[in-house]
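The structure under discussion appears below in the form of structure tokens.
The values are calculated or read from the model by the stated rules, or taken from the named source; none is laboratory data. For clarity, every value in this text was computed on a predicted model and none was experimentally measured. In this analysis, Cβ positions are derived from the backbone assuming ideal geometry, glycine residues included, and neighbour counts consider all displayed protein chains.
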């Protein structure tokens, strides 16, 4: 009986390992079925408490990074955002030629006060996709800007 349980656990562990590898490589639902292109699309909202802090000169950045990574894989710049803001990132938005939107990713947004790309500065308003890390391949990503960078 013990051998049967160990064999079952070993097989289950192998299946989980293969699923994790497929997710990391971006093989699991990473493409828009209509265009066959990796896509991350949705909308960015802002909490009611912070909505009155939006200025006409602010720039919204939707940023995609690898979990734990410092550099963006892809980014979208949206000037003079009117919330809620629809966004779509594809492989055309990657920062380094040859990179792709695949594997596990963190999706976030930042309302940037100075409009310059780069790390968040004090006063910038940020939010993250609640289900980070995630895989590309959806059009229902919702991000709420809910924290101000100190």
> Does residue 77 satisfy the condition of being surrounded by 12 or more Cβ atoms within 10 Å (Cβ to Cβ) and either part of a strand (DSSP E or B) or more than 16 Å from the chain's Cα centre (by Cα) (or both)?
Replying inline: yes
> Restricting the search to region 130-150, which residues are crowded, with 18+ Cβ neighbours inside 10 Å and within 18 Å of residue 81 (Cα to Cα)?
Replying inline: 141, 143, 144, 145
>> Based on this model, can you work out whether residue 98 counts as surrounded by fewer than 18 Cβ atoms within 10 Å (Cβ to Cβ), free of Cβ contacts under 8 Å to residues at least 60 places away in the same chain and under 14 Å from the mean Cα position of the chain (by Cα)?
In response: no
> Being in contact with a helix residue (DSSP H, G or I) (Cβ under 8 Å, 6 or more places away or on another chain), assigned by TED's automatic domain parsing to the domain that holds residue 51 and surrounded by 18 or more Cβ atoms within 10 Å (Cβ to Cβ), is that true of even one residue in region 108-116?
Replying inline: no
>> Can you find, within region 33-66, the residue that is modelled with the highest pLDDT among those that are part of a loop (DSSP other than H, G, I, E, B) and in contact with a helix residue (DSSP H, G or I) (Cβ under 9 Å, 6 or more places away or on another chain)?
In response: 38
